[in-house]
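What follows is a single structure, written as structure tokens, with notes after it.
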Amino acid sequence: MQRREMLKMMAALPAAGLPLDAVLAAAALPVVPGKSEPFDYARLKGRARALSQAPHGALDETIPESVARLDWDQYQAIRYRDEHALWAKEGLRFQIKFFHLGLFFRTPVHIHVVEGGRAREIAYDAAMFDYGKSGLQREHFPVDLGFAGFRIHYHTDPARDLAVFLGASYFRAVGEEKQYGLSARGLAVDTGLARAEEFPVFRAFWIERPPRNASTLIVYALLDSPSVSGAYRFLIQPGKNMVMDVDAALYPRKAIERLGIAPLTSMYQHGENDRRMANDWRPEIHDSDGLALWTGAGERIWRPLVNPETLRFNAYADENPRGFGLLQRDRNFDHYQDDGVFYDRRPSLWVEPKSGWGKGSVQLVEIPTVDETFDNIVAFWNPAEKPQPGQELLFAYRLHWGATMPHASPLAHVAATRTGIGGVIGRKREYYSVRFAVDFAGGGLAALGKKAKVEPVIVASRGDIEITSARPLDAIQGYRAMFDLKPVDDSVEPVNLRLYLRSGGRTLSETWLYQWMPPPPSQRRF
């Protein structure tokens, strides 16, 4: 089918009152199991563009009743049979296993394999799964039932999966620590606004068969939502860090108020700096402890995360950012004491733009959470210009999953942030203030002489800064900066803080940013 003919037909189909499935069938590659059709990224982008010109329809979540009523334990009882993994008997370095529909995952995802420039859909077969105690009896489900998602296995440890694509446009991966943590998404739409967030969905995947000795895997995905459709290409490379090169082509159906590029989703319940929800026996509970920024101007920034009492939104304006990420810097088991899910091993995730993204902002949304089962942290890039219908938006970036992030800074980094009551120990406090203790390590701090004059450069958007200091901290071969913040009014509006270390006019550390919420006057006990 010629592109011109396809677009002409796409314009006519909605007027004819045909359902979305018919529109998709006409605009897309056929999805008849066992048959193949030409496929490449250019064709997928054409499909996504055509899809954006048709009205969006509700996702089809019609699945067999026996599958729809599975509870958590029943769904967890379903196991994929290893012998049915994609390429299980072909001696390739990669294998693919599929997730069954059920529980939270009720939207069928159609998965294709690409070989020699042609794609064929992988037909669902109940024989692929061991249903265990799920209650399912290997019923004869239709071959077009589809899957919920898939996971990627690598030859170095075939029993463990290294990446998962499952649910909406969510995906996760691991580095050499082999511990899952935060997630990425294909796209975020209207996150943190007063209205309901829109969650785009990967409706179909195409997995390219790699050469026999290849250490990279290519996955394509078609994204769709009421506001936008898109085509994605993932080049996935396992290693010490899992590296994913992502190309995204987006086609808005309508103007989008807040578009989130390369969105990261994590969890922060409590830690050293925020003990509001520290009601658990474990000292800290979080997948990530801070947002790291490397601005287009070259400034390195660290913003510790919090679990706020109400939704908190911040935007950090930039132009052509060099990178940003949600990191788990604290990797000391003793700080978590969790021998079940191992928060000390959770991967960090760094986003590295591969081309200039222009003007915009890295945006951070922090949502209250009562426990660790809820992801409450989102970070993404928001372009300054709001997307408009009919546009093609192209973004290319690299994702790094693991314990150590690329492009290490020559400056000292923030190792810990702690907060508590201000004042001088042993002296009666005459007013309310809060103490901040920020530890810096690395860079050139360990090489400084004992008589080096190190000063903390501190800026507050409101309030008085008192009792400042910066002194050596031998335990980490670094420095500890301390100061008190004294509120000067009864406002409960946020106070923005900024701090870095300097010596002789030379910057020694990255910039620490923090947002502190003053309690109401009635709660300012001292």
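The phi-based Karplus calculation (6.51 cos²θ - 1.76 cosθ + 1.60; θ = phi - 60°) puts the 3J(HN,Hα) values of region 238-250 at x, x, 3, 10, 6, 10, 10, 8, 10, 10, 10, 10, 10 Hz, whole numbers, x for Gly and Pro.
The phi-based Karplus calculation (6.51 cos²θ - 1.76 cosθ + 1.60; θ = phi - 60°) puts the 3J(HN,Hα) values of region 80-89 at 7, 7, 4, 5, 9, 4, 5, 6, 4, 10 Hz, whole numbers, x for Gly and Pro. In percent, rounded to a whole number, the relative contact order of region 91-228 is 26, using alpha-carbon pairs under 8 Å and six or more apart. Accessible area per residue for region 109-149, computed on protein heavy atoms with a 1.4 Å probe, is 47 Å². Checking the cross-link pairs K240/K354; K428/K450; K35/K89; K45/K354; K240/K359; K240/K386 against a 28 Å limit on the alpha carbon distance flags K428/K450; K240/K359; K240/K386 as lying beyond it. P347 sits among other residues whose Cβ lies under 10 Å from its own Cβ, and their net charge, with Lys and Arg +1 and Asp and Glu -1, is +1. Compared with the dominant principal axis of the Cα atoms in the chain, helix 41-52 is inclined by about 90°.
The distance linking region 97-121 with region 263-280 is 35 Å (Cα centroid to Cα centroid, whole angstrom). Using heavy atoms of the protein chains and a probe of 1.4 Å, the accessible area assigned to K359 is about 130 Å². Taking Cα centre as origin and charging only the Cβ of basic (Lys, Arg, +1) and acidic (Asp, Glu, -1) residues, the dipole magnitude of the chain rounds to 1240 debye. For the chain, the relative contact order works out to 11 percent when only alpha carbon pairs closer than 8 Å and six or more residues apart are counted.
May I ask you to rank I236, I465, I218 by accessible area, largest first, using a 1.4 Å probe over the protein chains only?
Numbers: I236 0, I465 60, I218 30 Å².
Descending order: I465, I218, I236.
Taking 0.36 nm per residue of sequence separation and removing the Cα-Cα distance, the E466/F313 pair yields an extension gain of 52.3 nm.
Each 10 Å bin from 0 upward holds the following percent of the Cα-Cα pairs of the chain: 3, 17, 26, 25, 15, 9, 4, 1, 0. If I take R0 = 22 Å and measure r between the Cβ atoms of N496 and L193 in this structure, what FRET efficiency does the formula 1/(1 + (r/R0)^6) give, to the nearest 0.05? That pair, N496 with L193, gives E of 0.55. Mean separation of Cα pairs under 8 Å and 6 or more residues apart, divided by the residue count, gives region 391-526 a relative contact order of 24 percent. A full extension of the chain between H407 and D371 corresponds to an added length of 9.6 nm, given 0.36 nm per residue minus the alpha carbon distance.
Note on exposure: W401, W72 ranked by accessible area (1.4 Å probe, complete protein assembly) read W72, W401, with the most exposed listed first. Tally Lys and Arg at +1 and Asp and Glu at -1 over the other residues with C-beta under 12 Å from the C-beta of V219: what net charge comes out? For residues surrounding V219, the net value is 0.
May I ask for the equivalent-ellipsoid semi-axes of region 275-419, computed as the square root of five times each C-alpha gyration tensor eigenvalue and listed largest first in whole Å? Don't jump to the answer; show the numbers that get you there.
On the way: eigenvalues 167, 66, 38 Å².
Working through the eigenvalues yields semi-axes of 29, 18, 14 Å.
Considering only P252, V164, P55, and ranking their Cα positions along the charge dipole of the chain that arises from unit charges at the beta-carbon of Lys, Arg, Asp and Glu, the one farthest toward the positive end is P252. Each residue of region 445-452 was assigned a 3J(HN,Hα) from its phi angle through the Karplus expression (A = 6.51, B = -1.76, C = 1.60, θ = phi - 60°), giving 5, 5, 8, 5, x, 5, 9, 5 Hz with x at Gly and Pro.
Taking the 1.4 Å solvent-accessible surface of region 92-181 as the whole, the part contributed by carbon and sulfur is 48%.
As a calculated quantity, the FRET efficiency between Q391 and E37 at R0 = 22 Å, using C-beta atoms, amounts to about 0.20. Of the whole protein surface, L394 contributes about 110 Å² of accessible area at a 1.4 Å probe radius.
Accessible surface of region 230-298, 1.4 Å probe: 47 percent of it comes from carbon and sulfur atoms.
What does the C-alpha gyration tensor say about the overall shape of region 392-449? Classify as rounded when a/c is under 1.5, otherwise prolate if a/b is larger than b/c, or oblate.
Values: a/c = 4.13, a/b = 1.91, b/c = 2.17.
In terms of gyration-tensor shape, oblate.
Please give the helix 3-15 orientation as an angle from the longest Cα principal axis of the chain, in degrees from 0 to 90, rounded to the nearest 10. In the chain, helix 3-15 runs at an angle near 90 degrees to the longest axis.
Using a simple spin-label model with pseudo-atoms 7 Å out from Cα toward Cβ, K254 and R322 lie 4.0 nm apart.
Taking all protein chains into account, the per residue accessible area for region 200-270 stands at 23 Å² (1.4 Å probe).
For the chain, adding -39500 (n - 2.57) for each run of n ≥ 4 DSSP H residues and dividing by the number of residues yields -2000 deg cm²/dmol at 222 nm. Rolling a 1.4 Å probe across all protein chains gives Y220 an accessible area of roughly 20 Å². Here the extension length gained between T216 and F333 equals 38.9 nm, from 0.36 nm per residue of separation less the Cα-Cα distance.
Distance from the alpha carbon centroid of region 330-384 to that of region 439-496 works out to 24 angstrom.
The 1.4 Å probe gives accessible areas that order M405, M517, M267, largest first, as M517, M405, M267.
Projecting the Cα atoms of V459, A384, A148 onto the dipole axis of the chain, where Lys and Arg carry +1 and Asp and Glu carry -1 at the beta carbon, places V459 farthest toward the positive end.
Binning the alpha carbon pair distances of region 39-123 at 5 angstrom intervals from zero yields the distribution 3, 10, 14, 18, 17, 16, 13, 8, 1, expressed in whole percent.
The values are calculated or read from the model by the stated rules, or taken from the named source; none is laboratory data. Here the structure is a predicted model, which is why all the values come from computation and not from measurement. Note: ideal-geometry Cβ built from the backbone for every residue, glycine included; neighbour counts use all protein chains shown. To get the accessible areas, we keep the full protein, side chains included, count just its heavy atoms, and leave off ligands, DNA and RNA. Shrake-Rupley method; radii C 1.70, N 1.55, O 1.52, S 1.80 Å.
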